[in-house]
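The values are calculated or read from the model by the stated rules, or taken from the named source; none is laboratory data. Note that the coordinates shown come from a computational prediction; the quantities given were computed from them, not determined experimentally. Cβ atoms come from the backbone with ideal geometry, glycine included; neighbour counts cover every protein chain shown. What goes into the accessible areas is simple: the full protein's heavy atoms, side chains included, and nothing from ligands, DNA or RNA. Shrake-Rupley method; radii C 1.70, N 1.55, O 1.52, S 1.80 Å.
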Amino acid sequence: MEDRPVLLLVGDETCDHSWARLAIERRYRLLSPPAESGGQYVVPPSARGVVTFREDTVDRALSLAESAGLPTAPLRTAVHRRDVERQRPFPSDGSTSATALTAIVVSAVLDGRVSPLFLARPEREARHSGYVVEGADPLLRHTSVTEAVCAAHQDSGIHCGLTATEIHVAGWGNGLRTVNPRVNGLLGTDPLLRAGSLATGIDCALIWADLAAGAEPDLIPRRNSAAAVRFIYLEPELVSPTADLNIDDLPGGIWEVHLVATGNAAGEPGSIAQALLAVAVGENAAACRRALDLLPGASRLRHRPRPTYTDERNQRRIHA
């Protein structure tokens, strides 16, 4: 007889979140309630909480948790990510310098207790962006950083959930300064969490599930390596590409690769930008970067070019 507690999963569970689903199902049974209808959904008595794998269904998941009397705090924290300007620039008042760096501290929060789990370093270039995580990153244990993270949570009023605190760091040692920390809530399926889990052995997806169920999560690291996640953006004039990836051709260190949609390309209606979401694991950050740098050359992509038409009057090409 099934004895795992139930978590209600709102939204399409067939998205590219198999790693999160497998982690959660070690402890919980995921049950998808029917899509919204005129009838009343009867929540099973074994349900302990509500989760969603998709940001566009967080509000519906939160509404279900509220109506069922199940924990809502982790979902409210996930909503917080949309209320923060994620790309808001840092102040240009002399408090930062060209040598300062941005760091993301991922934390688990339970009953107001903030537990930093790992630190990620964001990376962005012309055709890709992502994060690199090293389990032994000394910045994570610097007193100024941990104090800034805890203070940012207190200011944000976040008491339960998974979070990413973005801080600007300048200097080192006793002179280290943190500038303008801000907190975003995370879903348990965020790609950043995938990199952190692989680098540290901390099961972030399961932490998210435990918090949703009101249970005490396991926060103990079990590995000390490095991992990176990178979005490799495809050319916007190409649509419906499919990844033709030969495992034998992939660079060593590549853990997994997915083809994902990233929204409209260049703001044109009906056009979908797509990217490869790649995850690498290695002994250090440099090893992960080397593997990811080699991936585009090893990835054979089949593309269907977007059709174009000629405006005879204006002599310009128009994408369909």
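Placing pseudo-labels 7 Å out from each Cα toward the beta carbon at residue 67 and residue 260 gives an inter-label distance of 3.0 nm. Label-to-label distance, residue 147 versus residue 56, with points set 7 angstrom from Cα along the beta-carbon direction: 4.4 nm.
What is the extension gain from residue 32 to residue 286, computed as 0.36 nm multiplied by their sequence separation minus the C-alpha to C-alpha distance, in nm to one decimal?
87.4 nm
Probe radius 1.4 Å, ligands and nucleic acids ignored: give me the carbon and sulfur share of the accessible area of the range 168-231 as a rounded percent. About 52 percent, which is the carbon plus sulfur part of the accessible surface. Spin-label pair residue 170-residue 18: with each label point 7 Å from Cα along the Cα-Cβ axis, the two points sit 4.7 nm from one another.
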